[in-house]
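In what follows, a structure is listed as structure tokens, so that the remarks can point back to it.
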Amino acid sequence: MSDVQAFQAHAPEADLDDLRARLAAARLPEAETEPGRWDQGVPLADLTEVIDYWRTEYDWRSFEERINRIGQFRTTIDGLCIHFLHRRSTRADATPLLLTHGWPGSIAEFTGLVDELANPEDADAPAFHVVVPSLPGFGYSDKPATTGWGTEKIATAWVELMGRLGYHRFAAHGGDWGGNITTVLGGRFPAHVIGIHTLFAEAPPGLPTDGLTTTERRWTEETRHFWRHRAAYAKQQATRPQTIGYSLVDSPVGLLAWILDKFAEWSDTEDSPFERISRDSILDDVTLYWLTRTGASAARIYYESHNSLDPELRVDVPAAITMYPRDIEKTPRPWAQERYRQIVRWNSPEAGGHFPSLEVPEYFVDDLRQGLAAVLATATR
């Protein structure tokens, strides 16, 4: 543990003043011309309202207090300082659990769940020693100065991180890029990874649709439509992250719109993301990007790893997989089974999108517990 240093988050007041001044001086475009409110992106009226709330009412210090209370640390791995939250359970039977976020998420996706996972009120519920790292280039982790920090290297770093904490065998969960990394962890490091719970189950390429159910066929069509018609953000960040990065680091309104668009489009809502997710929760995430100036460095994970998951990678450790209905990429179970060879629990909820820990937090925690309980039961046979 000597290589692990305690960390406290505290933004200079001057940075918060600068943020508010930039928001007050924002130059906004005219309103969208399409009658469908979100057809051209974030509607002007919605963005104006959030900007005003961010400037006059949002309390960043409250978020800092929460993450400082959980426990924050940094450690250098392969030349890069990695930030992480760490809460040890008081339970003797607790299992180490690694939670990995994606983009445009951050540790903010999990801060409200750490205590519940570490020390559940129900004595029969599994307990976990919870570790939540910030991806390289995200939040309080360092920004890579050279190429190479793709998902394979990140997974290797996560094994080193957990080992430094004394967790040589652990369970892992993730969605989005965190799900990709969790898949790599399960496939590459079965000696260290007890099993995984993931919201991401990318199948090997070229699988036929023969034998799929009507629902599964619809999933493949929706996923294909997403990547063909709604993924310009990913192509931009995979090819020109530096270019979009100037806007994301220089303009808080530009950063807010870029991220809010995804919370809106990828959540299980009819109109606004705030139907399920509070403004404070989204602004915790956006403000973390802003204060750490990580808009460009976070975007670069697409440049490093877009479409890079090894088609030959197979996961033989126990896997629990949950496909939320409004997520952007849903994989039929027969396809998932081609990569994940030991699926011990498969769940298709009736509600929830890409950010279930924020959209349906109680359900998310219960599903995560059940999935990991199935993983642990199989792993200890």
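The values are calculated or read from the model by the stated rules, or taken from the named source; none is laboratory data. Model, not experiment: these values are computed from the prediction. Cβ sites come from the backbone with ideal geometry, for glycine too, and all protein chains shown count toward neighbours.
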From the list Ile321, Ile328, pick out the single residue that is part of a loop (DSSP other than H, G, I, E, B), touching a residue at least 24 places away in the same chain (Cβ under 8 Å) and among the aliphatic types (A, V, I, L, M). Ile328
Any residue at all in the range 14-23 that is at pLDDT below 95 and exposed (fewer than 15 other Cβ atoms within 10 Å of the Cβ)? no
Give all pairs with beta carbons closer than 6 Å in which a residue from the range 231-249 that is under 17 Å from Glu265 (Cα atoms) meets a residue that is assigned to a helix (DSSP H, G or I) and not polar (S, T, N, Q); count only pairs at least 6 apart in sequence or on separate chains. Ala234/Tyr302
Applying the selection to the range 260-299, what residues are of a type in the set (Ser, Thr, Tyr) and buried (at least 21 other Cβ atoms within 10 Å of the Cβ)? Ser267, Ser281, Thr287, Tyr289, Thr292, Thr294, Ser297
Quick test for you: out of Ala238, Ala234, Ala257, pick the one residue that is touching a His at 6+ places or on another chain (Cβ under 7 Å) and buried (at least 18 other Cβ atoms within 10 Å of the Cβ). Ala238
Pick out the one residue from Ile154, Ile82 that is buried (at least 20 other Cβ atoms within 10 Å of the Cβ), of a type in the set (A, V, I, L, M) and outside any helix (DSSP H, G or I). Ile82
Only one of these conditions is not met by Gly163: (1) of a type outside the set (Asp, Glu); (2) surrounded by 18 or more Cβ atoms within 10 Å (Cβ to Cβ); (3) out of contact with any Phe, Trp or Tyr (no Cβ under 9 Å at 6 or more places or on another chain). Which number is it? (2)
Being at pLDDT 95 or above, out of contact with any strand residue (DSSP E or B) (no Cβ under 9 Å at 6 or more places or on another chain) and part of a loop (DSSP other than H, G, I, E, B), is that true of even one residue in the range 60-77? no
